[in-house]
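Here the structure is laid out as structure tokens; the discussion comes afterwards.
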Amino acid sequence: MDLVLLFFIFVLAAFLGLELIAKVPSQLHTPLMSGSNAISGITIVGAIVATGANLNGTVGMILGFLALVLATINVVGGYLVTDRMLQMFKKKDK
Amino acid sequence: MEFDNVINLVYVIAATLFVFGIKMLGSAETARRGNLISGAGMLIAIVITLLDQGILDFKWIIAGLAVGTLIGGIAARLVKMTSMPELVALFNGFGGLASLLVAWAEFEKIKDFGWGAYSAEMGAPGYFSSIVIYLAMLIGGITFTGSLYAYGKLSGRVSGQAKVFAGQKALNALVFIAILAIGVLFTWTGDLALGDTLFLVGIALALLFGVMAVMPIGGGDMPVVISLLNSFSGLAASAAGFVIGNNVLIVAGCLVGASGLILTAIMCKAMNRTLGNVLFSGFGATSQSEGDGDDREPKAISVQDAYYVLEAASSVVFIPGYGMAVAQAQHVVKELGELLEENGADVNFAIHPVAGRMPGHMNVLLAEADVPYDQLVEMDNINPIMPTVDVAVVIGANDVVNPAATDDETSPIYGMPIIEAHKAKTVFILKRGQGKGFSGLVNKLFVLDNSRMIYGDAKATISELVNELKG
């Protein structure tokens with residue numbers, strides 16, 4: 001893949017990220033953090049490839065497997081706990 | 001080749017969903033849906049990756065997904081809301097380690113293929129691959145041990161105090177320079193055996209550096225550290241994306257990196273300190289002078305007497321801090337608030353941006369206890385009405401109500417915006433004992449003429465007040 005293109009994507013994503021949450025009310029800071037934390041578990045995609053494609057290297061496969069377990073914990077746990085928090089934040093009937 | 005295009009198109013969709021998800025997390029009405037949308041993005045990214053034809057063996061993938069889902073699911077279900085900062089730190093560390101391992105696995109692949117064949121397959125020069133592998137390893141490693149150490153501090157497994165020692169900064173700088181030097185060597189050498197050794201040493205140093213970097217940071221500064229580590233875990237994923245040439249990792253990781261950085265900046269601003277000051281000053285580790293010769297003693301009050309004052313009050317503001325989380329007092333606090341309202345008082349909760357151990361910590365706890373949304377008031381909105389408040393009840397908060405921040409230029413926290421509890425007609429301070437707060441600073445609020453201390457466990461004290469009001 002074209003390396004310059006990858007950097008291009010990176011830089012644009014950085015600016016997008018900065019713009020997206022410039023104004024978030026403080027009550028949502030915790031869910032935002034744990035929700036974005038779950039997104040950082042996207043490395044799970046790399047872990048899947050490393051686990052499944054490293055057939056000739058046992059070490060590589062073990063590393064990939066460990067990465068996969070950890071990234072899955074990050075993703076599943078992160079999304080669930082964020083949802084649990086946000087559930088409490090729903091509007092109260094009063 | 002055709003199918004690669006399909007995969008990349010689906011990754012674009014996933015990235016779009018992440019963007020929408022983060023955007024919607026920024027507003028109370030849409031936050032929950034936003035989280036679901038970002039989760040859907042993650043799901044399709046995972047599913048399309050599983051369809052990748054390069055994947056030859058599924059049994060370990062399925063096993064890995066199952067184990068991770070089980071552990072993550074149980075942890076998310078069982079965690080107490082008071083332990084949320086620890087859990088986020090832990091998940092964050094796992095994400096960082098996963099990125100490190102992905103980079104490492106890729107390096108193992110290079111060792112199998114040799115640089116020539118690998119570069120040809122990736123369509124990237126060897127020096128590029130080695131730089132990004134080293135970066136992903138480095139950021140992931142620092143994120144891992146840094147988060148783990150932060151987890152230890154937050155959960156009380158290790159002391160939450162800042163630890164400083166002579167030559168600490170020099171040592172940290174030395175380790176960092178060593179990390180950079182080894183990185184340069186790792187990139188330069190074409191020899192895989194030497195590269196392997198350098199890489200392993202690099203991992204060890206990165207893990208060490210994560211611990212050393214968090215060591216001099218005290219418990220009160222944890223909101224900043226957690227935000228920063230959150231940002232790092234995103235950057236680690238992004239670097240791993242460069243390693244394997246994967247767009248969705250680069251974009252998603254970078255989004256998280258940028259948003260974590262914003263939160264970090266917000267937290268620093270709420271403490272009127274620079275990031276450098278938070279990270280390197282060893283804040284609170286040194287013993288502070290005992291103020292400006294103000295040797296008035298804090299005056300205690302009994303729960304019974306406090307009850308009479310509260311009973312007569314027509315406006316009450318609760319100011320919660322980390323102590324409320326420790327005492328698990330949020331439910332009784334809510335009950336007390338309700339009883340005071342029935343008694344005719346106007347009840348509010350004043351939330352300081354850095355109260356607690358992670359951004360928005362107090363909001364989560366009070367939401368868990370079912371405190372109505374509109375009673376949670378942000379600092380800038382509560383301070384103007386503080387002088388009209390009859391009773392301010394400080395529950396396990398300390399630095400965020402220390403008036404030294406506004407009037408004592410010699411105080412280390414001078415300039416930090418605070419909730420001006422001291423302007424209320426009466427201030428009750430619920431405190432476990434007479435010790436200092438996390439920052440180790442003397443709090444001038446405690447000795448003011450309108451301040452009264454109620455010593456003891458916050459939950460027990462408030463339960464007693466609730467019983468008095470009921471009785």
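Brief remarks follow.
- Residue match in segment B:48-70 (condition: closer than 20 Å to A:Gly35 by Cβ, hydrophobic (A, V, I, L, M, F, W, C) and assigned to a helix (DSSP H, G or I)): no
- Qualifying residues in segment B:258-271 (those that are surrounded by 24 or more Cβ atoms within 10 Å (Cβ to Cβ) and facing chain A (nearest Cβ under 7 Å)) - the one farthest from A:Thr30 (Cα to Cα): B:Ala258
- B:Lys59 meets the conditions (1) under 23 Å from A:Thr58 (Cα atoms); (2) within 23 Å of the chain's Cα centre (by Cα); (3) not polar (S, T, N, Q) in every case but one. The failed one is (2).
- Exactly one residue out of B:Glu29, B:Glu2 is touching a Lys or Arg at 6+ places or on another chain (Cβ under 9 Å) and surrounded by fewer than 16 Cβ atoms within 10 Å (Cβ to Cβ), and it is B:Glu29.
- Qualifying residue in segment B:397-419 (condition: in a loop (DSSP other than H, G, I, E, B) and within 17 Å of B:Glu464 (Cβ to Cβ)): no
- Test for B:Ile37: is it crowded, with 17+ Cβ neighbours inside 10 Å, without any contact (Cβ under 8 Å) to a residue 24 or more places away in the chain and out of contact with any Cys (no Cβ under 6 Å at 6 or more places or on another chain): yes
- Residue satisfying all of: in segment B:351-368; more than 16 Å from B:Ala329 (Cβ to Cβ) and not aliphatic (A, V, I, L, M); surrounded by the fewest Cβ atoms within 10 Å (Cβ to Cβ) among these: B:Pro353
- Residues of segment B:306-322 that turn out to be more than 22 Å from B:Thr82 (Cβ to Cβ) and assigned to a helix (DSSP H, G or I), as a count: 7
- When each of B:Val377, B:Val371, B:Val389 is tested for being buried (at least 16 other Cβ atoms within 10 Å of the Cβ), out of contact with any helix residue (DSSP H, G or I) (no Cβ under 6 Å at 6 or more places or on another chain) and at pLDDT below 90, the lone residue that passes is B:Val377.
- Against the test of being within 23 Å of A:Lys23 (Cβ to Cβ), at pLDDT 85 or above and over 12 Å from the mean Cα position of the chain (by Cα), the options B:Val248, B:Val256 yield a single qualifying residue, B:Val256.
- Check on A:Ala22, closer than 26 Å to B:Met84 by Cα, among the aliphatic types (A, V, I, L, M) and touching a residue at least 12 places away in the same chain (Cβ under 8 Å): no
- Residue tally, condition in a loop (DSSP other than H, G, I, E, B) and farther than 30 Å from B:Ala162 by Cα, over segment B:440-471: 3
- Among the conditions (1) more than 23 Å from the chain's Cα centre (by Cα); (2) facing chain A (nearest Cβ under 8 Å), the only one that B:Phe107 does not satisfy is (2).
- Residue identified as of a type in the set (S, T, N, Q), crowded, with 22+ Cβ neighbours inside 10 Å and modelled with pLDDT under 85 among B:Asn402, B:Asn443: B:Asn443
- Any hit, segment B:4-19, residues being facing another protein chain (nearest Cβ under 7 Å) and assigned to a helix (DSSP H, G or I): yes
- Looking only at segment B:71-84, and only at residues there that are part of a helix (DSSP H, G or I) and more than 8 Å from chain A (Cβ to nearest Cβ), the one that is surrounded by the fewest Cβ atoms within 10 Å (Cβ to Cβ): B:Leu78
The values are calculated or read from the model by the stated rules, or taken from the named source; none is laboratory data. Please read all numbers here as calculations on a predicted model, not as lab measurements. Neighbour counts are summed over all protein chains in view; Cβ atoms, including those assigned to glycine, are modelled from backbone coordinates with ideal geometry.
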